[in-house]
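Contents: one structure, followed by commentary.
The values are calculated or read from the model by the stated rules, or taken from the named source; none is laboratory data. These numbers were taken from a predicted model, which means no experiment stands behind them. When we count neighbours, we look across all protein chains shown, and the Cβ atoms used for this are built from the backbone with ideal geometry, even at glycine.
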Amino acid sequence: MKILFTKNIDQSILSQQLGEDILVDCVEVIKTNPIRINSFDLKNSSLIFTSVNGVISFFNNQFKPNEDFTAKNYNKIYCVGEKTKRELRKNGFGTFKVLKNAETLSKFIITHCQHEKFLHFCGNLAIDVLDKELPLQNIKYNKVTVYNTEEINPLVPEKYHAIVFFSPSGVRSFANQNSLEGMTLFSIGETTSNELRKYTQEKIYTSVGNSLVSIFELIRKTVKNNL
């Protein structure tokens with residue numbers, strides 16, 4: 001069986017997780033570039049991070065959150081996914097709330113956080129769930145673009161039994177020049193699966209968590225069940 005991962009992953013990790021019977025190739029379908037912006041006062045704002053790149057670029061631009069809940073004007077930090085949470089912790093910050101995807105974050109904010117003001121540090125191609133839903137509920141929300149995502153649109157002539165996707169922009173980049181028909185499709189999270197459904201009627205296997213561990217578990221389970 002041959003699987004294509006749409007991001008570069010260490011071959012030793014792939015062999016360890018998937019075994020020798022599954023042949024794996026990797027191709028990058030997107031690339032990210034940080035943007036240099038002037039930091040500003042985060043006073044009275046809650047912060048949203050939906051990607052690791054958003055966290056990295058935020059701190060590279062010298063932003064300084066105030067996470068002291070006993071002080072005035074502290075910043076609540078909301079994030080999507082465990083990887084994003086871990087990146088925040090690397091920089092010495094915790095999270096007020098961690099949600100599995102942008103849709104569940106949007107619902108949580110609408111239900112519980114009506115009176116907060118939000119700054120979302122993200123890329124230029126960030127999913128638009130939050131900026132569609134939150135303003136409709138009169139919730140103050142602004143995006144701050146701190147990195148650019150470029151869709152590479154590679155042509156992949158080789159045929160694979162399955163393809164693994166990690167983001168909506170990765171789906172768009174791959175689907176621009178390649179067909180998704182006749183292949184088993186693995187997706188990391190429901191947001192990516194929703195993007196895949198725009199391009200194909202094939203069955204999509206969606207991981208429960210937004211992590212490599214979850215996608216490896218899903219692939220092993222699916223292969224064991226003979227697809």
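Quick notes
- Number of residues in segment 126-170 that are in a loop (DSSP other than H, G, I, E, B) and either outside the structural domain of Leu180 (by TED's automatic domain parsing) or not hydroxyl-bearing (Ser, Thr, Tyr) (or both): the value is 16.
- Of everything listed in (1) surrounded by 14 or more Cβ atoms within 10 Å (Cβ to Cβ); (2) at pLDDT 90 or above; (3) touching a Ser or Thr at 6+ places or on another chain (Cβ under 6 Å), the single unmet condition for Ile139 is (3).
- Contact annotation: residue pairs with Cβ atoms under 9 Å, 6 or more positions apart or on different chains, pairing a residue in segment 82-99 that is free of Cβ contacts under 8 Å to residues at least 12 places away in the same chain and in a helix (DSSP H, G or I) with a partner that is crowded, with 17+ Cβ neighbours inside 10 Å and of a type in the set (Ser, Thr, Tyr), are Arg89/Thr95.
- Of all residues making up segment 32-53, the number that are among the charged types (D, E, K, R) and at pLDDT below 95: 2
- Scan of segment 173-196 for residues that are in a helix (DSSP H, G or I) and modelled with pLDDT under 95, ordered by number: Glu190, Thr191, Thr192, Ser193, Asn194, Glu195
- Residue within segment 10-27 that is within 28 Å of Asn148 (Cβ to Cβ) and in contact with a helix residue (DSSP H, G or I) (Cβ under 7 Å, 6 or more places away or on another chain) present: no
- Within segment 163-172, the residues that satisfy the criterion of being β-branched (Val, Ile, Thr) and either under 16 Å from Asn153 (Cβ atoms) or at pLDDT below 95 (or both) are Ile163, Val171.
Matching residues to (1) modelled with pLDDT of 95 or more; (2) of a type in the set (Asp, Glu); (3) in the same structural domain as Ser211 (by TED's automatic domain parsing):
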{"site": "Val55", "(1), (2), (3)": "yes, no, no"}
{"site": "Phe59", "(1), (2), (3)": "yes, no, no"}
{"site": "Lys72", "(1), (2), (3)": "no, no, no"}
{"site": "Glu87", "(1), (2), (3)": "yes, yes, no"}
{"site": "Phe96", "(1), (2), (3)": "no, no, no"}
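- Unique residue being within 30 Å of Lys221 (Cα to Cα), surrounded by 14 or more Cβ atoms within 10 Å (Cβ to Cβ), among the aliphatic types (A, V, I, L, M) and touching a residue at least 40 places away in the same chain (Cβ under 8 Å) when the list is Ile127, Ile37, Ile48: Ile127
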